[in-house]
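S.K.: Got a structure for you, written out below as structure tokens; questions coming shortly.
Read-outs: derived from the displayed coordinates by stated rules, not from any lab. Since the model is a prediction, treat every value here as computed from it, not as a measurement. With ideal geometry, Cβ positions are generated from the backbone for all residues, glycine too; neighbour counts draw on all protein chains shown.
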Amino acid sequence: MFKHIFSFSGRIRRSEYAISVIMYIIAFVVTNMMALMGMKHFRHTENIMLAHFPLFWFLIAQGAKRCHDLDQPSWWQVVPFYGVWLLLKDGQAHQNRYGDDPKHRN
């Protein structure tokens, strides 16, 4: 679980994706709260954007791997509300073109 979190290749299970989304939301809220409270390094919009870039990359990479688990190309995550589908739909059993089944990996 959580190997190569910024990589776009491979497959992940629903549980890892759900934890990733929760971690993203918490980190997003914390950085925004720091900005609202006027923390020294987070006063400027550029600094907030720099803090959010790795978070966004992490979420998109995890979403791409979750799409791969459903045997879909990663661009499907731009479809509105597809992230909810990624949380609900069970992954494809066995190996697909994106790699081995993460549920039955040894």
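S.K.: Nearest 500 deg cm²/dmol is fine: what mean residue ellipticity at 222 nm does the chain get from its DSSP H runs of n ≥ 4 alone, each adding -39,500 (n - 2.57), divided by its residue count?
M.R.: -17500 deg cm²/dmol
S.K.: Then there's this: Using 7 Å Cα-to-Cβ label points, what is the Ser7/Met49 separation (nm, one decimal)?
M.R.: 3.1 nm
S.K.: If you don't mind, there's one more thing I want to ask. Modelled label-to-label distance, Ile26 and Phe81, 7 Å Cα→beta-carbon offset: nm?
M.R.: Spacing of the two 7 Å Cα→Cβ label points: 2.8 nm.
S.K.: When only C-alpha pairs under 8 Å and at least 6 residues apart count, what is the relative contact order of the stretch 14-94, in percent?
M.R.: Computed over the stretch 14-94, the figure is 34 percent.
S.K.: Still on this structure, I have one more. Rounded to the nearest 10 degrees, what's the angle between the helix 14-36 long axis and the longest principal axis of the chain, both from Cα atoms, 0 to 90?
M.R.: Roughly 10 degrees between the two axes.
S.K.: Between Met37 and Ile19, with labels modelled 7 Å along Cα→Cβ, what's the label distance in nm to one decimal, could you check?
M.R.: It is 2.6 nm.
S.K.: Would you mind ranking Leu70, Leu36, Leu87 by Cβ crowding within 10 Å, fewest neighbours first?
M.R.: Leu36, Leu87, Leu70
S.K.: What aspartates and glutamates could a cross-link reach from Lys3, if we take a straight Cα to Cα line under 16 Å and drop same-chain neighbours fewer than 8 places away?
M.R.: Correct list for Lys3: Glu16, Asp69, Asp100, Asp101.
S.K.: Classify the chain as rounded, prolate or oblate from the Cα gyration tensor: take a ≥ b ≥ c as the square roots of its eigenvalues, call it rounded if a/c is under 1.5, otherwise prolate when a/b beats b/c and oblate if not.
M.R.: prolate
S.K.: What is the angle, in °, between the Cα long axis of helix 45-69 and the longest principal axis of the Cα atoms in the chain? Nearest 10 is fine, range 0 to 90.
M.R.: For 45-69 against the chain, the angle is about 10 degrees.
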